[in-house]
């Protein structure tokens, strides 16, 4: 685990879902669709938020642009640091759910 990963935690909800979407390469519109489908429409990321976050994540070296094959759209994917950040956030969220288990009926 890269020690630099801790400085990014906690993630915003949007950043979390964008990183989660980029475990496999996707282009911007694909990310927006994936987040909407994954959350059953509970979370929707608009283009402004998406591309602003992508720029920030690329500058922080959490994601990188990858070849998109025959498609001319830019595709992005997690870097090893980005994967470490995502895993730390998943663990943090799991602990939060565990803490709340006492209020479940």
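Any read-out appearing in this document is the output of simple, stated calculations on the displayed coordinates, not a laboratory observation. The model shown is predicted, which means the values in this text are computed figures rather than measured ones. Don't worry about glycine lacking a Cβ; one is built from the backbone with ideal geometry, like all the others, and counts go over all protein chains shown.
Figures for the structure shown
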quantity: Two-site FRET efficiency, residue 36 against residue 7, from Cβ-Cβ distance with R₀ of 25 Å, rounded to 0.05; calculated: 0.30
quantity: Sorted peptide list for 15-25, 87-97, 30-40, criterion being average Cβ within 10 angstrom, highest first; calculated: 15-25, 30-40, 87-97
quantity: Relative contact order computed over the chain (Cα-Cα under 8 Å; 6+ residues apart), in percent; calculated: 34
quantity: Rg ratio (alpha-carbon, reference 2.2 N^0.38 Å) - region 1-94; calculated: 1.02
